[in-house]
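Asker: Submitted below is the structure of interest, expressed as structure tokens.
Values in this text are rule-based calculations from the coordinates and carry no lab data. Quick caveat, the model's predicted, so the values are computed rather than measured. In this analysis, Cβ positions are derived from the backbone assuming ideal geometry, glycine residues included, and neighbour counts consider all displayed protein chains.
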Amino acid sequence: MRRRLNRAFALAMVGLIVGGAVPAVAATRVSDRIAGTITLEGCSLSPAELVLRAQDLGGGAPGSRLDVAPDPRAGRLALLTTTADPHVLRFVISGLVPGQTYQLAIRDVASAFGVAFGRCGRLFWKGPFGGLAVAGAPPVSITGYAARTQLEIFRPDTDSWVGAAAIDFTDPDGAVRTLRWRSNILDAISGELQVSLEPFDVVGPDGTSCDPPAAGGIVYRQTVNVGRGAWATIPNVDFGAILGPGTGIDPGGDGGLVDPGYDGSRLTDAQRQALAMGAPLWLRVVPSRSSGPACNARTDGVMGWINLAKVANAVLENEEVDPTLQFGDPHNYDAPFFDPKGQPKGDAYSYVVVKPHPLPTLAQYFDLNYKDPLGKKVVGIGIFPYGTVLQPGDYFWINPGNGGWWDDLSDAVGSLVTGVIDGIGFLVDSAAKMYASIKAAVLKVITAVIMFVPGVSTACAALPAGTCDAAIKYGLEAAMASAGLPPTLPNWKQVKQGAVDYAAAEIASQTGVPPEVVDEAVALAQKGLDDIEAGQGGAEAAYNWVEPYFGFDPAVMYVTLHKTAGDLPDNLTLARGQPGNLFTPDSAHIPSHWLGETLRIPMVLQPDLSDVPPLVCTALFNQPIPCTTAQKAIYFRDKFKARLNTETCVNLNASTRLLLFGWLPVTPAAGLAISSVVTVQPKVDATWGGKYFTNCGT
């Protein structure tokens, strides 16, 4: 049963909660302290300007009758002290229960009092997984990155400045946008706007904050006027001209567009096609002094960025009889899933299990050397019985029991967006994180995937260096991105099984791969997705069995295509949905070379949140502060759930389209133009066959 614990487990858990949690046992040989350092990149703060707290944890899980409440009195504030380095503070939190897990919560005092852009700008925090730390464990390292440069884009339809936005690169009017930026680096004399196809590093290995991303990432540079503290406008940035065919930039020049004959930084058709289908852009402004760019992370901090992406506008074509490409049989729709208790909510955090994990036994719980802090916590407070083996898909929530005005504190800084995030911006920001996580996951496994099949590795070794790596890497990335399949997807395991053949077809469709790769594409795809699944979970060994979860599994649609001829054009896409629907329109690439006559394409259906206003969070004296990732995710989840409850029928119409030169959408040739009228009850799973289907009485 979907995300349900079995009955025996649920009854055992309820019994334990009713009976009370096992009391934590202190031990004299384990310290009652959490200690460590706070390093501030780009800023310095006195101990009085920063608040750090260890919070007690309660929680619950499906099947429990009640949640275990945390004890707000058990939390403790940190004592912060200076060091010889003005960018480093020491902290000690005393009076905790030895061996117990707490959540660390942090915020600078200035932002809590409503200072939006002080000398530190916006601070982003990196620390232990989920902010979790154990009393008596080795010292904790926390790093704060000061975004001393901010960038925003104007959204005309809402008359607002935002940190992420949808943009149609192919619309001559909608592709021209206005930006603004500011920096509190007071001796900056100018800035350079950078537009990239790849995410920027927060801080590079050499300690600089403006290293370019992977080769080919930056596709546009433009010198802009300085914004010292105050906003400076960057008008009329034409993204259609930047990204369209026949343009490029000169990385060694002054930036901006150069002669169309220049080919040094031209976008490939594959890159342009990905952008047309929703791949994001990353933008930032690098400030410069008279001596050069302000890139020293320790003294200059980091640059905030914005994300842009194209949101699809699907158009249903007329149905045509077609012998070459048809909709096959069957199709499937899996309805979205919401936690029945609405968890996580309030200040709670939730985690989903991504690999089988045995929780500590009673003996292991009292063993102070047993390294499973989160497992110990959830059995210690009674969420699960001792020794329970959790399975992928099980989930639970923990509640720190204190106000939600703290900043995000996690083991990775995934986004430096400093502007406001509204509904459509949340989708764009989520898409950017999806693409970044897919690229990182695929890059991590690609060598092992090629070496997995001896014939493939031998054939690839005979080709120019990197040929196979690039082709297989792009095939996996294209399939995962088109399906909307980041490794952090809650129902990854469910969707992944339907994506293997699709990923194999994408790998087999890449140019330059030897026949051995085509023949073994299914094995390569299976190995790649299996390895990515094995790499799920927190980066630290103690937390590699869970991922953050927001009580929501998105809906999934599986479209079956059938062809009777040879290879297809390589710029053919499947467009799905209509604007203004429950789900956003989307498109998936149709591989040119299939490994059979039938291909199933999974498509994760993203909620349409385009008209949802941003969440406003407040701290002391009701001052607005940036909301945490969890707060935003829960807010947008609940907005979508409320709309789902009012919908009785949703349109998922699908049609094929060509991308001319990998860029401009046009109607396909008559021999490839097929379409299907699909309507479903959005709360009900459905399977259907043939070209047309409706279960809504229309």
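Asker: Sorting Thr679, Thr648 on the 10 Å Cβ count, fewest up front, what's the list?
Answerer: Thr648, Thr679
Asker: State whether the chain is rounded, prolate or oblate according to the following rule on the C-alpha gyration tensor (a ≥ b ≥ c being the square roots of its eigenvalues): a/c under 1.5 gives rounded; otherwise a/b larger than b/c gives prolate, and the remaining case gives oblate.
Answerer: The shape class here is oblate.
Asker: Also: Under a plain spin-label model, where a point goes 7 Å from the Cα along Cα-to-Cβ, how far apart in nm are Arg73 and Asp173?
Answerer: Label-label distance for Arg73 and Asp173, simple model: 6.5 nm.
Asker: How many angstrom separate the Cα center of the range 437-499 from the Cα center of the range 559-611?
Answerer: Centre-to-centre distance over Cα atoms comes out at 20 Å.
Asker: Which aspartates and glutamates does Lys371 reach when only Cα atoms under 16 Å apart count, and residues fewer than 8 places away in its own chain are ignored?
Answerer: Of all the aspartates and glutamates, those that pass the test against Lys371 - Cα under 16 Å, at least 8 places apart if same chain - are Glu540.
Asker: Using alpha-carbon pairs under 8 Å, 6+ residues apart, how would you state the relative contact order of the chain in percent?
Answerer: Computed over the chain, the figure is 16 percent.
Asker: Beyond 18 Å between alpha-carbons counts as too far, so tell me which of Lys493/Lys632; Lys310/Lys563; Lys345/Lys496; Lys439/Lys527 fall in that bin.
Answerer: Long pairs (Cα-Cα over 18 Å): Lys493/Lys632; Lys310/Lys563; Lys345/Lys496.
Asker: Asp211 to Thr158: FRET efficiency via 1/(1 + (r/R0)^6), r the Cβ-Cβ distance, R0 25 Å, to the nearest 0.05?
Answerer: For R0 = 25 Å, the calculated efficiency reads 0.15.
Asker: Which order do the peptides 273-283, 131-141, 165-175 come out in when sorted by mean C-beta neighbours inside 10 angstrom, highest first?
Answerer: My ranking of the peptides, most packed first, is 273-283, 131-141, 165-175.
Asker: Report the FRET efficiency, 1/(1 + (r/R0)^6), for Lys355 and Trp231, where r is their Cβ-Cβ distance and R0 is 30 Å, rounded to 0.05.
Answerer: 0.05
Asker: Please arrange His331, His357 by how many other C-beta atoms lie within 10 Å of their C-beta, fewest to most.
Answerer: By the 10 Å Cβ count, ascending: His357, His331.
Asker: Pop a pseudo-label 7 angstrom from the Cα along the beta-carbon direction at both Arg90 and Val389 and give the gap in nm to one decimal.
Answerer: 4.6 nm
Asker: Using the Kirkwood radius over C-alpha pairs as Rh, can you work out the diffusion coefficient of the range 488-635 via Stokes-Einstein at 37 °C, viscosity 0.692 mPa s, in µm² per second?
Answerer: Translational diffusion coefficient: 178 µm²/s.
Asker: Still on this structure: Please name which of Val604, Gly580, Leu568 has its Cα lying farthest along the dipole of the range 556-629 towards the positive end, using unit charges on Cβ (Lys, Arg +1; Asp, Glu -1) and the Cα centre as origin.
Answerer: Val604
Asker: Say R0 is 45 Å: what FRET efficiency, to the nearest 0.05, do Tyr370 and Cys649 get from their beta-carbon distance?
Answerer: Once the sixth-power term is evaluated, E becomes 0.30.
Asker: To continue, here is another question. So what's the back-of-envelope 222 nm ellipticity for the chain, counting only DSSP H runs of four-plus at -39500 (n - 2.57) apiece and dividing by all residues, rounded to 500?
Answerer: -6500 deg cm²/dmol
Asker: With the Cα gyration tensor of the range 468-574 giving a ≥ b ≥ c as the square roots of its eigenvalues, does the rule (a/c under 1.5 for rounded; else a/b larger than b/c for prolate; else oblate) give rounded, prolate or oblate?
Answerer: In terms of gyration-tensor shape, oblate.
Asker: Once the other residues with Cβ under 13 Å from the Cβ of Thr233 are scored (Lys, Arg +1; Asp, Glu -1), what is the net sum?
Answerer: The answer is +2.
Asker: Can you put Asp567, Asp372, Asp422 in order of Cβ neighbours within 10 angstrom, beginning with the fewest?
Answerer: Result, fewest neighbours first: Asp567, Asp372, Asp422.
Asker: Report the label-to-label distance for Gln497 and Asp201 in nanometres (one decimal), using points 7 Å from each Cα along the Cα→Cβ vector.
Answerer: The answer from the label model is 4.0 nm.
Asker: List, in the order given, every pair from Lys355/Lys433; Lys341/Lys641; Lys355/Lys376 whose Cα-Cα distance in the structure shown is over 20 Å.
Answerer: Lys355/Lys433
Asker: Output the peptides 595-605, 519-529 sorted from most to least packed, where packing is the average of other Cβ atoms within 10 Å over each peptide's residues.
Answerer: Highest-to-lowest ranking by the protection proxy: 519-529, 595-605.
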